[in-house]
Amino acid sequence: MKQIKSTDKIFISIASYRDPELIPTILDCISKSDKSNRLSFGICLQDNKETLFKLKHLKKQYKHIKFGIDFYDWRDSQGACWARYNIQKKFYNNEKYYLQLDSHHRFLEQWDSVLIDLLNNKQMDGFDKPIIGGYCPSYRKDNSCDSDAIQINSFDMFTDDGDIVFRPTIIKEASSLLQIGQTTVPARFLSGHFIFTNGNFCDECLYDPNLYFRGEEISLSARAYTHGYDFFHPLFPIIWHLYLRLDEQKHWNNHQNGNGFIISSENRSTKAKERIRKLLGIEKNNINFSIYGLGKKRSLKEYEKYCGVNFEQKKIHKYTYNVRLDSPFAYVMSDQEWISNMLLKKKIVIKLDHFFLKYIDPKIKFVNLCIQDNTNKALFKKDLTPTDIVSIIKNNLIWQQNIGIEKLPHHCVLTPYYKNSGYGKKILIETVDYYDSN
């Protein structure tokens, strides 16, 4: 096999916690690559010795591929960010490219050459440090994969402790943009499970081992942007991710005081979220972040105007919240545009009647909830799943959520969607209560 220059190598970071998909992921990664000898794995394995034995056997099988293995008994693990830090610190060896994954993925044929071509094509002219990534489409354990494009990391909500929750949103314009030769679109936020960029990222944005899980993506996005990186979503699937892992072991479920752990996952999460709030200016900072802090190429304010988030006031710009056809992709806004289009923060409370009980029906796939203003313009939409419906009934027929809206709400429309016949009869809820949301 022809030797690949170190300047063409891809350093692949995989943090794996008790995951049976690790070995299948690595095998698929290797078999689908265009040039497998350009791959260099850094793996933080938090599992048992049986899985370690399987991984070492894989290493012997593929002697032309570099495998760095950092093994910990799963009981000694300190979380995903700590694992990613260990990988970057111990195994990155000046490879030209960096690919960050989880341990449950599937890959496009010749994915490595595809990503390198994307990172170096003409659409990246003028961007010194582009990052390709996003929320990958889904695959299932039978290896069937969705055909959707990479999904946008779109804003969902601020939690009470200042954390930002993201939701995946399909890029509806993907097909039409591909037809005119465009292969990527600007992104506002990074995904933790798919990052492809230059290898220098490992030095400039070394993972903060003090972080835990929630908050990883927004803090990394702010750090990367202020270090001069620009984010892009590809418009076609390259890597797939396994989302529904209901039966798999999770660090936050295992590491509980009740299971004998002195430092619980909740304790780690609380400290990490406080750290993130101070990094982003939500709280007054008394921490010296040193190498884990923001960059100096751009300011945090510049990132706020790009991504559409006012961290200190916990406000969201309408383009960031409403990722839809009439919302442009990410771009640097003017001060006036950024200020004037910030959404109102409201806690919405809708009291439902006993008619809602009829939505407990196996024929119904979901119920669309649409909050409208006094001109019938939609301000907020959400598809209520059967699980959501049960929760509302248990909550005394009350639906409530903190949301960002352009105008004050006036009424709500509920529309059931039946599996065999589509949308059913609309029901008007004339009163929507709202309160200021912190």
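The values are calculated or read from the model by the stated rules, or taken from the named source; none is laboratory data. This one's a predicted model, so the numbers in the text were calculated from it and none came from an experiment. Cβ coordinates were reconstructed from backbone atoms using ideal geometry, including for glycine residues, and neighbour counts include every protein chain displayed.
Points to keep in mind about this one:
- Identity of the residue in the range 91-109, in contact with a Gly (Cβ under 9 Å, 6 or more places away or on another chain) and under 20 Å from T25 (Cβ atoms), that ends up surrounded by the most Cβ atoms within 10 Å (Cβ to Cβ): Q100
A quick yes/no check of all residues on (1) under 31 Å from the mean Cα position of the chain (by Cα); (2) among the basic types (K, R):
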site: C370; (1), (2): yes, no
site: K382; (1), (2): yes, yes
site: L397; (1), (2): no, no
site: Q400; (1), (2): yes, no
site: C412; (1), (2): yes, no
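- Here is the figure for the range 158-186: residues that are buried (at least 18 other Cβ atoms within 10 Å of the Cβ) and without any contact (Cβ under 8 Å) to a residue 24 or more places away in the chain total 0.
- Identity of the residue in the range 271-310, β-branched (V, I, T) and in contact with a Phe, Trp or Tyr (Cβ under 9 Å, 6 or more places away or on another chain), that ends up surrounded by the fewest Cβ atoms within 10 Å (Cβ to Cβ): I282
- Whichever residue in the range 13-23 is under 22 Å from the mean Cα position of the chain (by Cα) and of a type outside the set (G, A, S) and, among such residues, is surrounded by the fewest Cβ atoms within 10 Å (Cβ to Cβ): P20
- In the range 202-231, residue farthest from W252 (Cα to Cα) [restricted to those that are crowded, with 23+ Cβ neighbours inside 10 Å and touching a strand residue (DSSP E or B) at 6+ places or on another chain (Cβ under 8 Å)]: Y229
- Residue match in the range 376-392 (condition: in contact with a Leu (Cβ under 7 Å, 6 or more places away or on another chain), within 23 Å of H233 (Cα to Cα) and at pLDDT below 95): no
- Filtered residues of the range 162-205 (kept if in contact with a Lys or Arg (Cβ under 9 Å, 6 or more places away or on another chain) and under 14 Å from I132 (Cα atoms)): G192, T197, N198, G199, F201
- Some residue of the range 117-124 being crowded, with 22+ Cβ neighbours inside 10 Å and part of a loop (DSSP other than H, G, I, E, B): no
- Residues that are surrounded by fewer than 20 Cβ atoms within 10 Å (Cβ to Cβ) and of a type in the set (A, V, I, L, M) within the range 236-248 comprise L244, L246, listed in sequence order.
- Qualifying position, being farther than 30 Å from L414 by Cα and β-branched (V, I, T), among I348, I339: I339
- Of all residues in the range 125-140, those that are surrounded by fewer than 21 Cβ atoms within 10 Å (Cβ to Cβ) and hydrophobic (A, V, I, L, M, F, W, C) total 1.
- Of all residues making up the range 398-420, the number that are in a strand (DSSP E or B) and either modelled with pLDDT of 90 or more or under 16 Å from D433 (Cβ atoms) (or both): 15
- Scanning the range 389-411 for residues being surrounded by 15 or more Cβ atoms within 10 Å (Cβ to Cβ), out of contact with any Phe, Trp or Tyr (no Cβ under 8 Å at 6 or more places or on another chain) and either charged (D, E, K, R) or more than 16 Å from T431 (Cβ to Cβ) (or both) gives a total of 2.
- Within the range 56-115, tally of residues that are of a type in the set (K, R) and closer than 30 Å to P137 by Cβ: 5
So that you can scan it fast, the table gives a plain yes or no per residue for (1) assigned by TED's automatic domain parsing to the domain that holds D161; (2) touching a residue at least 12 places away in the same chain (Cβ under 8 Å):
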residue	(1), (2)
R298	yes, yes
K301	yes, no
K305	yes, yes
F311	yes, yes
K318	yes, yes
N322	yes, no
P328	yes, no
D335	yes, yes
I350	no, yes
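- When L343, L352, L414 are screened for being closer than 15 Å to F155 by Cα and crowded, with 18+ Cβ neighbours inside 10 Å, only L343 passes.
- Conditions (1) modelled with pLDDT under 95; (2) crowded, with 21+ Cβ neighbours inside 10 Å; (3) farther than 30 Å from K141 by Cα; (4) of a type outside the set (D, E, K, R): number failed by S264: (2)
- Of everything in the range 337-349 that is part of a strand (DSSP E or B) and either modelled with pLDDT under 90 or touching a Leu at 6+ places or on another chain (Cβ under 8 Å) (or both), the residue that is nearest to V390 (Cα to Cα) is K347.
- Residues that are aromatic (F, W, Y), farther than 21 Å from P362 by Cα and out of contact with any Gly (no Cβ under 7 Å at 6 or more places or on another chain) occur in the range 416-434; there is at least one.
- Matching residues in the range 141-156 - criterion: being within 16 Å of the chain's Cα centre (by Cα) and either buried (at least 18 other Cβ atoms within 10 Å of the Cβ) or modelled with pLDDT of 80 or more (or both): A149, I150, Q151, I152, N153, S154, F155
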